[in-house]
Amino acid sequence: MLHTAYWKYIVRRRLTRDPALAFPRPGSNWPALPAKPDAAAWRRDVALLKEQHRLLRAAIARFPAARLNAKGWRSSWSNVAHVYGIASHDLYHAGQIQLIKALRRRVTRP
């Protein structure tokens, strides 16, 4: 979950071209898990993911259509590729989660 939150932040940073943006958790692509992974830590991480998603959606909604095909900031991909890419990234990980859930059901059946 933290990995997907981080990449939502990266795409938003590339679209906005704002070098002052910083991910609110230490680390990058695979941020460290909380020292005490309890229900409160999980809720904080879920809130972080939701906030990064909300901020990304807002950045995409106000992104100028004329810049969609331009190269992304500090990237070799176009801006539109970033938008499609982050959606595909979410779908990829959602598929992994569904596969794990299905495998878990198969293993836990008597």
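Readers should treat all values here as calculations from the given coordinates under stated rules, not as data from a laboratory. All values derive from a computational prediction rather than experimental measurement. Every residue, glycine as well, gets a Cβ built from its backbone with ideal geometry; the counts of neighbours run over all protein chains shown.
Below are the figures for this structure:
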read-out: Anchor residue 71: lysines whose Cα lies under 30 Å away (excluding residues fewer than 8 positions away in-chain); value: 8, 50
read-out: Packing-based exposure ordering (other Cβ within 10 Å, fewest first) of 82, 89; value: 89, 82
read-out: Net dipole in debye of the chain [+1 Lys, Arg Cβ; -1 Asp, Glu Cβ; about Cα centre; nearest 20]; value: 180
read-out: Theoretical gain in end-to-end length, residue 81 to residue 38 [0.36 nm per residue, Cα-Cα removed]; value: 11.8 nm
read-out: Chymotrypsin sites (Phe, Trp or Tyr not before Pro) restricted to the range 41-110 and DSSP loop, no more than 14 other C-beta within 10 Å; value: 73, 77
read-out: Label-point separation in nm, residue 17 to residue 103, each point 7 Å along Cα→Cβ; value: 4.3
read-out: Mean-position separation - Cα centroids, the range 42-74 and the range 1-35, in angstrom; value: 11
read-out: Neighbour-count ranking [beta-carbon atoms within 10 angstrom, fewest first] of 44, 12; value: 44, 12
read-out: Residues with amide H under 5 Å from that of residue 78, placed H, sequence gap 5 or more; value: 72
read-out: For the chain, calculated [θ]222 nm from helices alone, where every DSSP H run of n ≥ 4 adds -39500 (n - 2.57); value: -21500 deg cm²/dmol
read-out: Over the chain: Kirkwood hydrodynamic radius from C-alpha pairwise inverse distances, Å; value: 15.5
